[in-house]
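Notes for the one structure printed next.
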Amino acid sequence: MQATKSLNIVDILLEAVRKGLQEHFELDVSTTDITWNVTRKEFEGDYTIVTFPFTRTTKKSPEQVGAILGEYLVANLPEVEAFNVVKGFLNLVVADGFWHRFLMQTRDNPHYGYLPANGQKVMVEFSSPNTNKPLHLGHIRNILLGWSTSRLLQAAGYEVVKVQIVNDRGIAICKSMLAWEKFGEGRTPASTGIKSDHFVGDYYVLFEQKFQEEYKSWQESEEASQVYAARKEADLDRDSFFKAYKNDYFNDYSILGKEARNLLLQWEAGDPAAVALWEKMNAWVYAGFNETYQRLGVSFDKLYYESNTYLLGKDIINDGLNAGVFYQKPDQSVWIDLEDAKLDHKLVLRSDGTSVYMTQDLGTARLRYQDFGVNRMVYVVADEQNYHFKVLFEILKRLGEPYADGLFHLSYGMVDLPTGKMKSREGTVVDADDLMAEVIGEARGNSLERGALEALPEAERDEIIRKIGLAALKFFIIKVHPRKRMVFDPKESVDMQGQTGPYIQNAYVRIQSVLRKAATADLSEADRYVALDVAEKQLIAMVYDFPTQVKTAAEAYDPSVIANYCYDLAKSYHKFYHDFPILKADIPGASAFRLILSQIIAGVLQTGMDLLGIEMPERM
RNA sequence: GGUUCCGUAGCUCAGCUGGAUAGAGCAACUGACUUCUAAUCAGUAGGUCUCAGGUUCGAAUCCUGACGGAAUCACCA
């Protein structure tokens with residue numbers, strides 16, 4: 001049993017087709033060259049072999065090839081019960097007994113869908129926020145993708161290390177620090193009751209406001225007029241010029257800008273006061289982040305801090321220079337020539353010997369390998385950095401790093417609002433905490449309207465409502481292919497009908513309800529139910545496909561595969577539930593059989609949704 | 001300008017290793033709750049799969065070229 005168990009029915013079919021082609025037509029094809037499909041609903045059968053490709057070599061019509069192969073399969077495979085041929089499509093009917101046996105085996109497997117350990121170790125980096133402001137919708141997509149991909153890789157047999165790199169240093173956090181120092185008057189998150197990461201973010205916003213005020217009044221000055229006169233391009237009016245000049249102003253004239261940069265210099269020099277302030281404000285941010293992560297249901301195995309890693313990578317530069325992978329210009333800056341990979345020349349170390357972003361990332365990659373010995377690293381980062389990661393991976397490859405072949409940039413598209421792009425300057429950013437509160441609030445409203453949970457204790461009810469609200473939000477985001485830029489309509493995200501998380505939860509809840517009612521049923525009766533209905537076979541075939549879906553999704557780093565699979569399965573089950581009696585079935589054994597089928601489907605839905613970070617309620 | 005990604009119903013998305021009449025959900029309209037809980041189910045309507053060529057027995061899917069949108073091409077991160 002054990003030895004043959006892992007062979008998939010499709011593999012069995014394809015191998016038999018291959019043999020059939022050889023025996024009847026002396027045709028040698030590989031099983032990978034045979035096109036197959038799950039049979040479409042309009043036709044009878046479970047799996048379909050496409051016979052068009054064999055017409056030329058066999059000199060027979062596709063119908064003839066289909067008929068000959070069909071007869072061969074029925075005669076030689078106990079799993080194939082019948083066949084029919086429509087044009088170039090050979091539809092195969094798998095024996096009821098096969099599905100029956102599969103179901104009974106799967107029943108006792110609590111890990112159904114999980115693949116055996118493959119001995120490989122993968123690191124997934126996600127979230128990676130800046131510490132000057134709270135998490136927003138963009139982070140949510142990142143976090144959900146990172147988390148579900150991690151779970152998926154685990155299910156596919158990998159050992160997974162989840163990490164984030166916290167961008168805790170630089171000019172941005174110094175702006176928050178400065179604003180708090182100047183205008184905070186000693187207020188704290190505790191004294192104001194504001195969630196601590198939002199508290200820090202508020203001072204970042206305050207800095208920007210004060211800076212804008214300062215900039216505005218400077219624009220009236222004589223100095224500004226001189227700058228305008230000297231630097232403007234021919235057709236640029238005053239307003240447009242100053243809009244574009246903002247960064248230069250910050251660096252060259254701004255008092256606040258100078259103070260912020262001084263603070264950064266002090267921090268870099270290890271000034272105790274600056275470091276203490278930095279530590280205090282970052283600690284606030286981390287406390288707030290942790291709350292948000294917890295609400296979202298995610299966690300990390302290890303945190304890397306940019307304040308520790310931003311000086312890394314110098315040794316790798318030396319290695320690269322020695323190996324001739326890098327070259328040095330007369331000004332001492334270090335470069336790599338990637339023209340043969342169509343990637344141009346790229347700076348990896350500044351002329352003053354300090355790091356650039358690339359240097360850090362090179363160093364961090366090596367550090368992670370030293371820390372965990374991973375074969376693979378997945379970076380969940382928005383698609384604006386596609387070019388950066390192409391270069392990073394190419395360099396690591398040329399340096400001959402041992403993990404270089406296992407690098408993957410899980411690139412995802414930006415999240416847009418129906419009104420357009422999210423812009424922090426225009427206040428259109430959707431805050432992560434607000435968003436979660438909103439969907440949960442919506443779930444609460446719906447639940448009250450329905451009144452199904454009234455009898456439950458409040459704590460239990462809240463827990464269910466939380467699960468429903470988060471399911472709506474998470475599913476809405478995960479169901480879209482990562483690569484695609486997506487439109488996030490807050491109104492639609494709180495929808496709980498149709499293609500949504502709660503719809504899938506509802507299928508699970510319905511099953512739990514039936515199972516509770518059938519707690520004492522005798523399930524051994526199921527063996528007496530032998531003539532399966534088409535709908536039942538289709539459901540079993542979908543369940544049968546689950547491990548393949550997990551494998552496909554993990555290999556593609558694409559959780560949307562599982563999201564859409566769960567939806568399809570839930571949809572089929574809802575229809576089945578509507579069309580067929582379970583507890584009241586009068587065919588012998590049907591009730592027991594359908595209970596087992598339902599139970600297994602509930603298990604698959606729960607496992608599948610768990611891979612997406614979505615929890616199932618027992619009632620709703 | 002170079003490179004990469006995206007373009008499928010009014011809207012949000014599946015389908016893309018080439019296969020049968022292109023699928024869902026939302027929104028609109030119609031019907032099904034005394035029933036294993038209707039956050040459900042059934043139905044109506046909605047399509048030149050951006051366009052034009054090419055490859056093929058067969059193209060939403062592969063190739064080429066246009067058009068539209070996005071990102072990127074820093075001694076920024």
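The values are calculated or read from the model by the stated rules, or taken from the named source; none is laboratory data. These numbers were taken from a predicted model, which means no experiment stands behind them. Here the Cβ is made from the backbone with ideal geometry for all residues, glycine too, and neighbour counts use every protein chain on show.
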Flag if A:I511 is crowded, with 20+ Cβ neighbours inside 10 Å and within 25 Å of the chain's Cα centre (by Cα) | no
Note: among A:R483, A:R444, A:R516, just one is surrounded by fewer than 16 Cβ atoms within 10 Å (Cβ to Cβ), free of Cβ contacts under 8 Å to residues at least 40 places away in the same chain and near RNA strand B (Cβ under 9 Å from one of its atoms), namely A:R516
Restricting the stretch A:447-457 to residues that are surrounded by fewer than 16 Cβ atoms within 10 Å (Cβ to Cβ) and not in a helix (DSSP H, G or I), the residue that is farthest from RNA strand B (Cβ to nearest atom) = A:P457
Pair list, Cβ under 6 Å, 6 or more apart: the stretch A:489-506 residue under 22 Å from A:D610 (Cβ atoms), other residue near RNA strand B (Cβ under 6 Å from one of its atoms) and among the β-branched types (V, I, T) | A:P502/A:I468
Quick check: is even one residue across the stretch A:319-328 hydroxyl-bearing (S, T, Y), within 9 Å of RNA strand B (Cβ to nearest atom) and at pLDDT below 95?
-> no
Screening A:D405, A:D434 for residues that are under 30 Å from A:V205 (Cα atoms) and of a type outside the set (G, A, S) leaves only A:D434
Mind telling me which of the residues A:E438, A:E492, A:E460 ends up being in a helix (DSSP H, G or I), within 10 Å of RNA strand B (Cβ to nearest atom) and among the acidic types (D, E)?
-> A:E492
Mind checking whether some residue in the stretch A:149-166 is out of contact with any strand residue (DSSP E or B) (no Cβ under 6 Å at 6 or more places or on another chain) and in a loop (DSSP other than H, G, I, E, B)?
-> yes
Looking at A:Y573, is it over 23 Å from the mean Cα position of the chain (by Cα) and at pLDDT below 95?
-> no
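Out of A:I34, A:I68, A:I49, which single residue is farther than 28 Å from A:Q606 by Cβ, surrounded by 17 or more Cβ atoms within 10 Å (Cβ to Cβ) and free of Cβ contacts under 8 Å to residues at least 24 places away in the same chain?
The match here is A:I34.
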Is it true that A:P490 is surrounded by 14 or more Cβ atoms within 10 Å (Cβ to Cβ) and modelled with pLDDT under 90?
-> yes
Give, as residue ranges, the strands (runs of 3 or more DSSP E) completely inside the stretch A:331-395 that count at least 3 residues that are near RNA strand B (Cβ under 7 Å from one of its atoms) and either outside the structural domain of A:H481 (by TED's automatic domain parsing) or farther than 19 Å from A:N167 by Cβ (or both).
-> none
Does A:T58 satisfy the criteria of being within 35 Å of the chain's Cα centre (by Cα) and among the hydroxyl-bearing types (S, T, Y)?
-> no
For the stretch A:557-567, what are the residues that are more than 8 Å from RNA strand B (Cβ to nearest atom) and not hydroxyl-bearing (S, T, Y)?
-> A:P559, A:I562, A:A563, A:C566
Name the one entry in A:M496, A:M486 that is hydrophobic (A, V, I, L, M, F, W, C) and either closer than 17 Å to A:M620 by Cβ or over 20 Å from the mean Cα position of the chain (by Cα) (or both).
-> A:M496
Just one of A:F576, A:F580, A:F593 is over 30 Å from A:Y379 (Cβ atoms), more than 12 Å from RNA strand B (Cβ to nearest atom) and touching a residue at least 24 places away in the same chain (Cβ under 8 Å); which is it?
-> A:F593
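Determine if the stretch A:208-224 includes at least one residue that is closer than 28 Å to A:S299 by Cβ and of a type outside the set (S, T, N, Q).
No.
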Taking the stretch A:398-435, which residues are in a strand (DSSP E or B) and closer than 30 Å to A:G363 by Cβ?
-> A:L407, A:F408, A:H409, A:L410, A:S411, A:Y412
Check A:G157, A:G170, A:G138, A:G113 and return the single one that is over 18 Å from the mean Cα position of the chain (by Cα), under 25 Å from A:P559 (Cβ atoms) and of a type in the set (G, A, S).
-> A:G113
Which listed residue is closer than 30 Å to A:I468 by Cα, assigned to a helix (DSSP H, G or I) and within 36 Å of the chain's Cα centre (by Cα), from A:N308, A:N290, A:N282 = A:N290
In the stretch A:463-480, the residues that are more than 8 Å from RNA strand B (Cβ to nearest atom) and touching a Pro at 6+ places or on another chain (Cβ under 7 Å) | A:K467, A:A471, A:I478
Determine, yes or no, whether A:A276 is at pLDDT below 90, out of contact with any helix residue (DSSP H, G or I) (no Cβ under 9 Å at 6 or more places or on another chain) and either on the phi < 0 side of the Ramachandran plot or surrounded by 12 or more Cβ atoms within 10 Å (Cβ to Cβ) (or both).
-> no
